[in-house]
1. If you check every pair at least six apart or on different chains, which have Cβ atoms under 6 Å apart with a residue in segment 68-90 that is in contact (Cβ under 8 Å) with a residue 24 or more places away in the chain first and a residue that is of a type outside the set (Val, Ile, Thr) and assigned to a helix (DSSP H, G or I) second?
2. For segment 56-97, which positions are part of a loop (DSSP other than H, G, I, E, B), out of contact with any helix residue (DSSP H, G or I) (no Cβ under 7 Å at 6 or more places or on another chain) and open to solvent by 30 Å² or more (accessible area, probe 1.4 Å)?
3. What's the total number of residues in segment 4-27 that are open to solvent by 70 Å² or more (accessible area, probe 1.4 Å) and assigned to a loop (DSSP other than H, G, I, E, B)?
4. Look at segment 15-27 and say how many of its residues are at pLDDT 80 or above and within 24 Å of residue 89 (Cβ to Cβ).
5. Report, by residue number, each residue of segment 28-55 that is among the β-branched types (Val, Ile, Thr), open to solvent by less than 50 Å² (accessible area, probe 1.4 Å) and at pLDDT 75 or above.
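The values are calculated or read from the model by the stated rules, or taken from the named source; none is laboratory data. Values in this document were obtained by computation on a predicted structure and should not be read as measured data. Cβ atoms come from the backbone with ideal geometry, glycine included; neighbour counts cover every protein chain shown. To get the accessible areas, we keep the full protein, side chains included, count just its heavy atoms, and leave off ligands, DNA and RNA. Shrake-Rupley method; radii C 1.70, N 1.55, O 1.52, S 1.80 Å.
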Amino acid sequence: MSYVTNVMLTHDFLEPPGVRKMLWSTVVAEKQTLRENTAVDADGWGGSKFPEIDLWCGAFNYLDLYDFLAWVKSLPWRYPRAVQVFVQDQEEDMVSVWEIDGGWVLDRREML
């Protein structure tokens, strides 16, 4: 049995390489990491241009979302207000958007 949580994370393209390395190398769940999905050779993008966004993706089984968001918040962001995390659980029909705002992670659905 599984319960999949899909995650996408984006941030300011001016973030230092150290943050990118932490995103790539830190184990998030079950020895899985996020994967950058915007490399020049990345498949899966439409259009006639290469993507101009730093986008990290992962699909995790039984992800503890609050631990994951705490980890995201703990990274040494230079531009934390530009960080957005998009999350959709297996049973959900909507994507929730989380942002680091003033040191807190917020679910935009709570603001509707």
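1. 75/22
2. Scanning segment 56-97 gives 62, 64, 78, 79, 90, 91, 92, 93, 94, 95.
3. 3
4. So the count comes out to 1.
5. Hits for segment 28-55: nothing passes.
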